[in-house]
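Derivation of every value follows stated rules applied to the coordinates shown; laboratory data play no part. Every value quoted in this text rests on a predicted model; they were computed, and no experiment measured them. As a convention, Cβ positions derive from the backbone with ideal geometry for all residues, glycine included, and neighbour counts pool all protein chains shown.
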Amino acid sequence: SEGYDPDSPYAKNRMEEARKAILRSESMEDPPLSKLGVNQAKKAKKDLERLIEIYDLPPVEEVWVSPLQRTLQTASIVFPYTAVDIDEVPALSSETLSDRVKRDESKLEILPKIRVRKEIEERHTGLPCDRHSSLGKLTRRPTFNRFSFSALNVLSVANLFSTY
C-alpha cells in the first residue's frame, strides 16, 4: 500500500489493480492449489469424515470435479481411500473393484471414482487462471492417474469435428 492507509480508497484501488494484473498474467494459467487451499482441503476432508461418522452415512463412491488443476488437487486430498468394515459390504470384493479397493485387516479401503467433467468447470472469464491445462498434461500427472478423464476425451474428439 506504499505507506498509505490500507483502508484508504487509493490503497484499495491499487490492490485491486494489482490483483487484476496477476489474474490476467499468462503465468497464472491453470494454477495449482495454494497452501491455503491445501489446508482448506485437509480441513474439508476431516469435516466430511466427521459428518459421515456422525450421521452414519455411506462412504463416498463417486465425485465429479472440474478439469482445473486446483480442483483436481482438492479432490485428491478430500477423497482418498475411505475405510469401510468388510462385514458391512459383503457384496464388494477386490475382484469387482480391483483398481479402487485395498484390504487392511477387517477394513476395506474404497477409492471413490473421481470423474472429471468439463460441464462443471468454473465460469468462463477468459482469464488464464480459469483455463484448464491440456488433457495430455493432466493425465500424465501421477496424482491424477486414478481419475476418469473419459468425458473430456469424448469432448476433445467432438471438438475436432466442430466448426466455429
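The distance from the alpha carbon centre of the range 4-62 to that of the range 119-153 is 18 Å, rounded to a whole number.
For the range 1-62, what does the alpha-carbon gyration tensor say about shape, rounded, prolate or oblate, given a ≥ b ≥ c as the root eigenvalues, a/c under 1.5 as rounded, and a/b over b/c as prolate? It comes out prolate by the Cα gyration axes.
Once the Cβ-Cβ distance between Arg24 and Arg141 is put in as r, and R0 is 25 Å, what FRET efficiency do you end up with, to the nearest 0.05? Efficiency computed from Cβ-Cβ geometry: 0.45.
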